[in-house]
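To start, I am sharing the structure in question, which I have written as structure tokens.
The values are calculated or read from the model by the stated rules, or taken from the named source; none is laboratory data. The shown structure was predicted, so the numbers you read here are calculated from the model rather than taken from an experiment. Every residue, glycine among them, receives a Cβ derived from its backbone with ideal geometry; neighbour counts consider all protein chains shown.
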Amino acid sequence: MASSRTNPVLIAGAGAVGLAVALGLARRGIAVVVLEAESRLVEEYRASTFHPPTIEMLDGLGEGAPLRAKGLVADKFQFRDRQTGLISEFDMEVLADDTRYPYRLQIEQFALVQLLYDDLVKLPNAQVHFRNRVTGVNQTADGVVVTVETPDGPAEFEGCYSIGADGGRSEVRHSLGIEFEGMIYPERYLVTFTTFDFWKVMPDLAHVNYVSDPEEWFVLLRSPGLWRVLFPTNPDETVFDEDPDTATMDGLAQERYQRVWATAEPYPITHRNVYRVHQRVATRYRVGRGLLAGDAAHVNNPLGGMGLNGGIHDAVMLTDAIGRALESGGDNASLDHYANERRRIAVQYIQAQTAQNEQNMHQRDPEV
Ligand SMILES: Cc1cc2nc3c(=O)[nH]c(=O)nc-3n(C[C@H](O)[C@H](O)[C@H](O)COP(=O)(O)OP(=O)(O)OC[C@H]3O[C@@H](n4cnc5c(N)ncnc54)[C@H](O)[C@@H]3O)c2cc1C
């Protein structure tokens, strides 16, 4: 086997986090191989909010300007009561002395994934292999061997480090024997998208609106060309199996939309998705030369839009940590710092804040 210094960093997952680490490392002159299970980039509607520190970090990767050009500037966000309307509006302009970008940028996650990919594949020291599902990570004396399943059968890649950026069900995490501690919410979330113009009927809405209600809260977010409306489903609704059909989801969405604002015609719903929501953090982010980042390391409810943002922050810090470890000839202090610090932040801030956001949405006590 070649020395660990010359082997590439092997990254499982060509999502936003895997591609952000890959681009950061490749730009530092470190060879990377990204192994992606799917046959192309995943284009699901998932996260859609980028917070100020993340936008600044994306500048460092050269992706801030192109993403801002595609997105919507949301400089205000609201907390509303379903019955009484606006409770409070927060103007992010107050952060103008603290950040270059005092706003949330509203743009679908797959726009960033595509930008990262397009820039990554231009670099000579970067490879992306689709239809390569990572099945395991084995540690050797001075490196890692990652096993993959490909259309032509099993294969192996040798690397100096492996990064599990392969999402919430991370195969890398399983392979490293790391527990994913936490809980699952009883209700699933129904995420829908409509071309209906909510500003026509509720002109005082901001781009980002959290509408609380003891019975049926919802979130109304503007993204380019569409409103995204997120509802919880009732825990006792048994209509959702693992692969809910579109007609069932449409029926439920139409009912809920009518309770947001009654219309004579059905709402034009362009996309819908239903998913289970977990709050979990990996017990460790590092085992030897195996590291975790993004959803592979932590998942949380989407209230506040912190999942992907936290993942990008992981990616930036991990890029620096691996760069330092390689430059120092194998001193792993920077990797330990990454693992401990990002885990601490996931637990103390992201998990705590998103859990609190969820409780606020169905708060029954008017004083609170
Ligand atoms: C339905 C849904 C809706 C969401 N909505 C929001 C939201 O509104 N706001 C918010 O902040 N967050 C949301 N999230 C969370 C947010 O999308 C994630 O935090 C973000 O995608 C994390 O990025 P990632 O790159 O770590 O993982 P992912 O985006 O999951 O990417 C993982 C990649 O790894 C690949 N992969 C998986 N297994 C393997 C394997 N064994 N080998 C190789 N490749 C593999 C996958 O195909 C994928 O390309 C949502 C998530 C889901 C699932």
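Any chance you could count how many residues in segment 113-135 are under 22 Å from Gly64 (Cβ atoms) and within 9 Å of the ligand (Cβ to nearest atom)?
Residues in segment 113-135 being under 22 Å from Gly64 (Cβ atoms) and within 9 Å of the ligand (Cβ to nearest atom): 1 in total.
Does segment 258-278 hold any residues that are within 12 Å of the ligand (Cβ to nearest atom) and not in a loop (DSSP other than H, G, I, E, B), and which are they?
Of everything in segment 258-278, those that are within 12 Å of the ligand (Cβ to nearest atom) and not in a loop (DSSP other than H, G, I, E, B) turn out to be His271, Arg272, Asn273, Val274, Tyr275, His278.
Note down all Cβ pairs under 7 Å where the first residue falls in segment 155-174 and is on the phi > 0 side of the Ramachandran plot, the second is of a type outside the set (Asp, Glu) and not in a helix (DSSP H, G or I), and they're at least six residues apart or on different chains.
Once the first residue is on the phi > 0 side of the Ramachandran plot and sits in segment 155-174, its partners that are of a type outside the set (Asp, Glu) and not in a helix (DSSP H, G or I) give Gly167/Gly13; Gly167/Gly15.
Considering only residues that are among the polar types (S, T, N, Q), more than 16 Å from the ligand (Cβ to nearest atom) and touching a residue at least 40 places away in the same chain (Cβ under 8 Å), look in segment 54-112 and name the one that is surrounded by the fewest Cβ atoms within 10 Å (Cβ to Cβ).
Here the residue is Gln83.
Taking the conditions exactly as written (hydroxyl-bearing (Ser, Thr, Tyr), surrounded by fewer than 20 Cβ atoms within 10 Å (Cβ to Cβ) and away from the ligand (no atom under 13 Å from the Cβ)), does Thr195 satisfy them or not?
yes
Being part of a loop (DSSP other than H, G, I, E, B), near the ligand (Cβ under 10 Å from one of its atoms) and aliphatic (A, V, I, L, M) is the filter here; which residues of segment 158-177 pass it?
Within segment 158-177, Ala165 is the sole residue that qualifies.
What residue, of Leu303, Leu252, is within 13 Å of the ligand (Cβ to nearest atom) and either in a helix (DSSP H, G or I) or surrounded by 20 or more Cβ atoms within 10 Å (Cβ to Cβ) (or both)?
Result of the check over Leu303, Leu252: Leu303.
Confirm whether Val73 is in contact with an Asp or Glu (Cβ under 9 Å, 6 or more places away or on another chain) and under 18 Å from Asn309 (Cβ atoms).
Here the answer is no, as Val73 does not meet what is asked.
Which one is nearest to the ligand (Cβ to nearest atom), of the residues in segment 25-53 that are closer than 28 Å to Leu221 by Cβ and of a type in the set (Gly, Ala, Ser)?
For segment 25-53, the residue satisfying everything is Ala47.
Quick test for you: out of Arg272, Arg284, pick the one residue that is surrounded by 12 or more Cβ atoms within 10 Å (Cβ to Cβ) and modelled with pLDDT of 95 or more.
After ruling out the rest, the residue left standing is Arg284.
Residues of segment 324-368 being of a type in the set (Gly, Ala, Ser), surrounded by 18 or more Cβ atoms within 10 Å (Cβ to Cβ) and out of contact with any strand residue (DSSP E or B) (no Cβ under 8 Å at 6 or more places or on another chain), which ones?
Result: Ser334, single match.
So that you can scan it fast, the table gives a plain yes or no per residue for (1) away from the ligand (no atom under 16 Å from the Cβ); (2) assigned to a loop (DSSP other than H, G, I, E, B):
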site	(1), (2)
Arg280	no, no
Asp295	no, no
Gly311	no, no
Arg324	yes, no
Arg343	no, no
Ala346	no, no
Thr354	no, no
Pro366	yes, yes
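Only strands (runs of 3 or more DSSP E) wholly contained in segment 178-233 count here; list those with 3 or more residues that are without any contact (Cβ under 8 Å) to a residue 60 or more places away in the chain.
So the answer is 226-232.
Here's another thing I want to ask about it. When you scan segment 319-327, do you find a residue that is in contact with a Phe, Trp or Tyr (Cβ under 7 Å, 6 or more places away or on another chain) and polar (S, T, N, Q), even just one?
Checked segment 319-327: no residue is in contact with a Phe, Trp or Tyr (Cβ under 7 Å, 6 or more places away or on another chain) and polar (S, T, N, Q).
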